[in-house]
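Engineer: Could you have a look at this structure, given as structure tokens, before my questions?
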Amino acid sequence: MEQVQPYYKRIILVCNKTRPAGAGKPSCGEADRGAAIVMALKEYVQSHGLAPFVRISQTGCQDLCGGGPIVTIQPDNVVYARVTDEDIPTIIERHIKEFESG
């Protein structure tokens, strides 16, 4: 095993877990909610040249299903619940925008 230093300044983890209908638990991936958040964040990162600094990654369950979609920001150790498209500008402002100047 080799430990390496990550080069990203932020890793944004977006739950995109889907469960079968009738599973009894909500899922972040229902109606493509998680996927839409991932795409919007990736589009912003790409269009602003931030790919060397910010990684947007889909995850499986983060075990906070009742509050989905869940977005976790590392290394800030911040978790957002019930994220909607309208929340994306706030996430960008709080966690990504600072890297626009390089």
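Engineer: Starting from region 15-34, take each residue that is farther than 20 Å from TYR80 by Cα and list its partners that are surrounded by 12 or more Cβ atoms within 10 Å (Cβ to Cβ), counting only C-beta distances under 7 angstrom and pairs at least six apart or across chains.
Structural biologist: Taking only residues 6 or more apart or on different chains, the pairs are ARG19/SER27.
Engineer: Quick one: count up the residues across region 1-52 that are touching a helix residue (DSSP H, G or I) at 6+ places or on another chain (Cβ under 6 Å) and under 14 Å from ASP63 (Cα atoms).
Structural biologist: 6
Engineer: If you don't mind, there's one more thing I want to ask. For the subset of region 6-45 comprising residues that are closer than 24 Å to LYS97 by Cα and of a type in the set (D, E, K, R), which member is surrounded by the most Cβ atoms within 10 Å (Cβ to Cβ)?
Structural biologist: Ranking the candidates gives ARG33 first.
Engineer: Further question on the same structure: Suppose we keep only residues that are crowded, with 18+ Cβ neighbours inside 10 Å and hydrophobic (A, V, I, L, M, F, W, C) within region 53-64. Which one would you say is nearest to GLY29 (Cα to Cα)?
Structural biologist: In this case the residue turns out to be ILE56.
Engineer: While we're looking at this one, here's another question. Got a number for residues in region 41-70 being more than 10 Å from the chain's Cα centre (by Cα) and at negative phi?
Structural biologist: Summing the residues that are more than 10 Å from the chain's Cα centre (by Cα) and at negative phi in region 41-70 gives 19.
Engineer: For region 45-102, how many residues meet the condition of being free of Cβ contacts under 8 Å to residues at least 40 places away in the same chain and assigned to a helix (DSSP H, G or I)?
Structural biologist: Adding up the residues that qualify gives 11.
Coordinate-derived values only; no laboratory data. Worth saying up front: this structure is predicted, and the values here are computed from it rather than measured. Heads up, the Cβs are rebuilt from the backbone with ideal geometry, glycines too, and the neighbour counts pull from every protein chain shown.
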